[in-house]
Amino acid sequence: MNIEASAWIEGLQDARLLVPGSGVRAWAGRLSVPESALQDWTAGSFRLLRKAPRPLSEILRCKANRRPGTRRFFGEAYVAAKMTDADPGWYTSFKWLTSPIWSGQRTLDDTYREKFRSTLQESFGERRLERLQKRARAFSAQLGGKKPVAPDLWLTVGSDHRFIEVKLLPDTIDRRQLAGLALIAKYLDGVSVGVVYVHTDRHPPNFGELDEFPKLYRQV
């Protein structure tokens, strides 16, 4: 794979493979962000979303407007704005790894949710999604009964699908999130999965919390 994510995401530093020498397209890196950018976001300035792909930019703006004065969704917006070649881009806050509504044929009422469902199926196929979901539900037994969680972002460049979990430090990654990335990497074609730490100088990332990923990938 090389560390191709370094070329995808402007300014990505310390890029590394999560399963070196295996061919698994799983990686991690960090983006250093100035305090002023985070302050602008909490003050209600969402200008960086102008560079983010649609419909991701629209849904993040809507969600951020519902959480005024907070840093919520800044990390996702900052990463998406650094991937200007992506089209489309999705905020994947749904339980699509385990819920059958995302692999089924029933049309969903919400426009964004329905477009997400149909794009999932067009990209990966109903049967492959069903297989992924079946394995994800079964793997919850290895997570203390908790279900694997899908990453924050799904960004598409041509036929390449990039699923990214974003951590705005000092937030930490959950084992369920690592399991979700491992499942996607193993059961979907044409994908890469990654973790991007977005941080200021006050909060350097701890890549050591990703050390369990190779084991989870083998288990799923």
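The values are calculated or read from the model by the stated rules, or taken from the named source; none is laboratory data. Being a predicted model, the structure only gives us computed values, none of them experimental. Neighbour counts are summed over all protein chains in view; Cβ atoms, including those assigned to glycine, are modelled from backbone coordinates with ideal geometry.
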**Fill in**
Checked the stretch 166-215 for anything buried (at least 22 other Cβ atoms within 10 Å of the Cβ), β-branched (Val, Ile, Thr) and either at pLDDT below 95 or part of a strand (DSSP E or B) (or both); matches are VAL166, VAL193, VAL195, VAL196, VAL198
**Request:** Check whether at least one residue in the stretch 144-165 is within 15 Å of VAL24 (Cβ to Cβ), touching a helix residue (DSSP H, G or I) at 6+ places or on another chain (Cβ under 9 Å), among the aromatic types (Phe, Trp, Tyr) and part of a strand (DSSP E or B), and report yes or no.
**Result:** yes
**Asked** Any idea which of (1) modelled with pLDDT under 95; (2) closer than 19 Å to ASP152 by Cβ; (3) in contact with an Asp or Glu (Cβ under 9 Å, 6 or more places away or on another chain) is the one ALA28 doesn't satisfy?
**Response** (1)
**Message:** All but one of (1) out of contact with any Leu (no Cβ under 8 Å at 6 or more places or on another chain); (2) surrounded by 15 or more Cβ atoms within 10 Å (Cβ to Cβ) hold for ARG218; state the number of the condition that does not hold.
**Reply:** (2)
